[in-house]
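Data block below; observations after.
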Amino acid sequence: MSVLFTFPGQGAQKPGMLHALPAHPDTARTLDEASAALGRDVRPLDSEPALVSTVAVQLCLLVAGVAMARVLAAHGAQPEMVAGLSIGAWPAAVTAGVLDFADAVRLVELRARLMEDAYPSGYGMTAIGGLTRRQLELLVAQVHGSATPVYLANLNAPRQIVIAGQDAAMQAVATLALEHGAQRAERLAVAVPSHCELFETQARTLACAMDQVALQRPRITYISSSAARALFDGRRIGADLAANMAHPVLWGDTVRHAWERGARLALEMPSGSVLTKLTAPEFPDGVALSCEGTRLDSLVSAVRG
C-alpha cells in the first residue's frame, strides 16, 4: 500500500499548534533549526495574537509539517508520495528532500512578508460550498472588476471551491452564491488573496530568491497541487513553489492523481483535518486519516501497514 502525506494550507492553523507536536527529539530539532534560520525563537509564533500575522501562520504550518513527518520517519513510517495545499507544498518539498529545511524557512518568511505587505488588509479568501466551478465562474464574472477584484482560487472538490479577492467583492459573490443555491459561504482565516493573479509580481520576486538555493531531485514522489501531477526535477519544483501563490490550487485533481499512482492511505500532517475530509471521497477504497487526534503509535502502525 502506497502512502501519501498531505500538508495543509492557511486556515488550518491553531493556537498552540507547535506546542501540541509530539514530545520527541526530532520535534525539538526542527524547532531549533527553524529558530536558527530565522534568527529568533519560532515557538512564540503559535500564540493566538501572533497568528494574526500571515508570516507567523505560514511559518507555523511549515515547521509543524516538517516536524511531524520527521517524527514519523524516526519510527520507520515514511510516505511514498507527498502533496501540499498552498503553503503546505513547502513542507511537502522538504519532506521529499527537494530543498533544505533552513532554506525553506527563510524563503517561506520572505513569501509570507511579500504577501502580507502587498495586501495588509481588506482582502482574503471565502469558501463556497454547493456550486460547480461553472456556476461560480458566472457569478464571479458578474462582480469582478478593477475596483472589485475576485477570483476562483482553490478547486478543492467539484462543489467545494474557494474564492480570493477584495472583501466587498467576495461578499457580493457569496451573497449571489447563496441566492443561487450554495449551501455555505464562509470567510476563511486567511488574510491575503492567495492563488490568483494579484500575486504575480510577488511570485516573480520569490522566484528570484529561489534561484539562489540548492534544489535536488525528490527522493519520493512530489505531487504539485498547482499542476495536479507529479514533478521530478528539483528546479521545476522550485519554480512551482515560488509561483503557487499566484496560481489556483487543484486539490481534488491532485489527490485523484495520487490515487491513480497507487496511494491508498492519505495522512494529513498538523494541524487540522480539512484535507482529510476533502481527500476521503477521492479514496473510495482507501483511508484518509489526520495526525490530529490520533495517537502516534496508531499513526505509525497505519503507515507501516
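Could you look through region 76-93, keep only residues that are assigned to a loop (DSSP other than H, G, I, E, B) and of a type in the set (A, V, I, L, M), and pick out the one that is most open to solvent (accessible area, probe 1.4 Å)?
Looking at the filtered set, the residue picked out is Leu85.
Of all residues in region 261-305, how many are in contact with an Asp or Glu (Cβ under 7 Å, 6 or more places away or on another chain) and among the basic types (Lys, Arg)?
0
Among the residues of region 270-285, which ones are free of Cβ contacts under 8 Å to residues at least 40 places away in the same chain, more than 21 Å from Leu62 (Cα to Cα) and not acidic (Asp, Glu)?
If the condition is that a residue be free of Cβ contacts under 8 Å to residues at least 40 places away in the same chain, more than 21 Å from Leu62 (Cα to Cα) and not acidic (Asp, Glu), then Ala280, Phe283, Pro284 are the ones that fit.
With the condition kept exactly as written, say whether any residue in region 60-70 is of a type in the set (Val, Ile, Thr) and touching a residue at least 60 places away in the same chain (Cβ under 8 Å).
No; the residues of region 60-70 include none that is of a type in the set (Val, Ile, Thr) and touching a residue at least 60 places away in the same chain (Cβ under 8 Å).
Spot the failing condition for Glu186; the list is (1) among the charged types (D, E, K, R); (2) under 18 Å from Gly9 (Cα atoms); (3) more than 23 Å from the chain's Cα centre (by Cα), and only one is missed.
All conditions pass for Glu186, except number (3).
Ala288: open to solvent by less than 20 Å² (accessible area, probe 1.4 Å) and closer than 28 Å to Gly129 by Cα, yes or no?
Against the criterion (open to solvent by less than 20 Å² (accessible area, probe 1.4 Å) and closer than 28 Å to Gly129 by Cα), Ala288 does not qualify.
Please give the helices (runs of 4 or more DSSP H) falling wholly within region 165-246 in which 1 or more residues are open to solvent by less than 10 Å² (accessible area, probe 1.4 Å) and more than 30 Å from Leu51 (Cβ to Cβ).
Those helices (runs of 4 or more DSSP H) span 234-243.
Quick check, is Thr276 surrounded by fewer than 24 Cβ atoms within 10 Å (Cβ to Cβ), within 20 Å of Ile161 (Cα to Cα) and at pLDDT 95 or above?
For Thr276, the condition - surrounded by fewer than 24 Cβ atoms within 10 Å (Cβ to Cβ), within 20 Å of Ile161 (Cα to Cα) and at pLDDT 95 or above - is met.
The values are calculated or read from the model by the stated rules, or taken from the named source; none is laboratory data. What you see is a predicted model; the values in this text were computed from it and never measured. Here Cβ is always computed from backbone atoms with ideal geometry, including for glycine, and neighbour counts include all displayed protein chains. Accessible surface areas use protein heavy atoms only, side chains included; no ligands, DNA or RNA. Shrake-Rupley method; radii C 1.70, N 1.55, O 1.52, S 1.80 Å.
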